[in-house]
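Chemist: Let me give you the structure first, and then I'll get to my questions.
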Amino acid sequence: MQGDFFLTTWFLEAMRWLYENIGSVFFTILISTVVLRGLTVFSDIKTRKSSMKMQAIQPEIQRLQKKYKDDPQRMNREQQKLMKERGVSMWGSCLPMLITMPLFFCFIAAFRFWGYEMTLRLITEEADQAMELFKSFKFLWVNNIWQPDNGLSAVVQSGQSFLATPDLANLLFLKDNTEVWQKLMDLGIAARSYFVDNNGVMQQTYRFLTSESAIAAYNQAVQPFLDLYAGYNNGWFILPILSGVSQFFASWLMQRNQPKTDNPAAGSGKMMMYIFPIMSFVFCLSYNAAFAIYWTLSSVLMLLVNLYMNKKYPMTPVVKEEGK
């Protein structure tokens, strides 16, 4: 996974270790989700406390807005000074998004690479072992957890799509794994070449082939798995919908008790309340169901956390000054 973030690699290694010790993709995802969501709870609490501080100074901000209504620059300076004195962060309400967004993209990459590894295992392991492995990929209505929960998606990725994947040869699963590379060469979908490095030492490198013969060889290798679910696609769009809906309600609960302010960050947070659920739906529709399960569980946990936060740290309405 050359060029990817260290965090993505770490996520992948940690989840692979859990999977090897637990033997269940779902429980691996569940444990990972709970641990990561537990870490972000602290930022959620900090954000809620920042919002409460912001709410507490609203009457003073209203007075400043009234006092300096003809001098916007002075008004902004005085507001920033007041917020600094009271320890209020202008961007406090955006903190969860700033943490969640990097995790979102890192996990997309980690699950994508993990799915590629599982597909390679299907075509390089012995036939009986590969079939047992493939049967373990079924999750409720999803036939292959490493393909999208999408009624238009095939149960196994096509050769034309899979072999054209950028940086496929750089997967950690393939690093120094000459046995797997040899099996891929025997199938006719990979090749080896030699070169002399800067020290004059002969080295070897591997690459995937994208020729018609390589695509045909790959398709033939995965045909037994397609035959197992002949006439079926991979899912019913359920996980992408659940992901988008749960993400919306989690964001809505977080926003509903935010103080009504003129803070520009508040408008940004409200916009993300609509944009992020749409992004969640699109990504979960496009990437494998394993990621969609993680993201749906994460959104549901965030929903529960926000319910608790609303009860633990209730926000009271701000009463505007008379004449304002």
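Chemist: Of the residues 50, 43, only one is assigned to a helix (DSSP H, G or I), modelled with pLDDT under 85, farther than 17 Å from residue 304 by Cα and of a type in the set (Gly, Ala, Ser); which?
Modeler: 50
Chemist: For the stretch 164-192, what are the residues that are touching a Lys or Arg at 6+ places or on another chain (Cβ under 7 Å) and either of a type in the set (S, T, N, Q) or more than 25 Å from residue 109 (Cα to Cα) (or both)?
Modeler: Matches in the stretch 164-192: 185, 191.
Yes/no matrix, rows are residues, columns are (1) without any contact (Cβ under 8 Å) to a residue 24 or more places away in the chain; (2) under 30 Å from residue 38 (Cβ atoms); (3) in a loop (DSSP other than H, G, I, E, B):
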position	(1), (2), (3)
108	no, yes, no
116	no, yes, no
129	yes, no, no
146	no, yes, yes
152	no, no, yes
155	no, no, yes
195	yes, no, no
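Chemist: Count, please, the residues in the stretch 15-25 that happen to be assigned to a helix (DSSP H, G or I) and surrounded by fewer than 16 Cβ atoms within 10 Å (Cβ to Cβ).
Modeler: Summing the residues that are assigned to a helix (DSSP H, G or I) and surrounded by fewer than 16 Cβ atoms within 10 Å (Cβ to Cβ) in the stretch 15-25 gives 4.
Chemist: State which residue is surrounded by the most Cβ atoms within 10 Å (Cβ to Cβ) when the search covers only the stretch 210-231 and only residues that are assigned to a helix (DSSP H, G or I) and among the hydroxyl-bearing types (Ser, Thr, Tyr).
Modeler: It comes out as 218.
Chemist: Kindly provide the set of residues from the stretch 172-208 that are in contact with an Asp or Glu (Cβ under 8 Å, 6 or more places away or on another chain) and under 17 Å from residue 116 (Cα atoms), ordered by number.
Modeler: Scanning the stretch 172-208 gives 172, 173.
The values are calculated or read from the model by the stated rules, or taken from the named source; none is laboratory data. Worth saying up front: this structure is predicted, and the values here are computed from it rather than measured. So basically every Cβ, Gly included, is an ideal-geometry build from the backbone, and we count neighbours across all protein chains shown.
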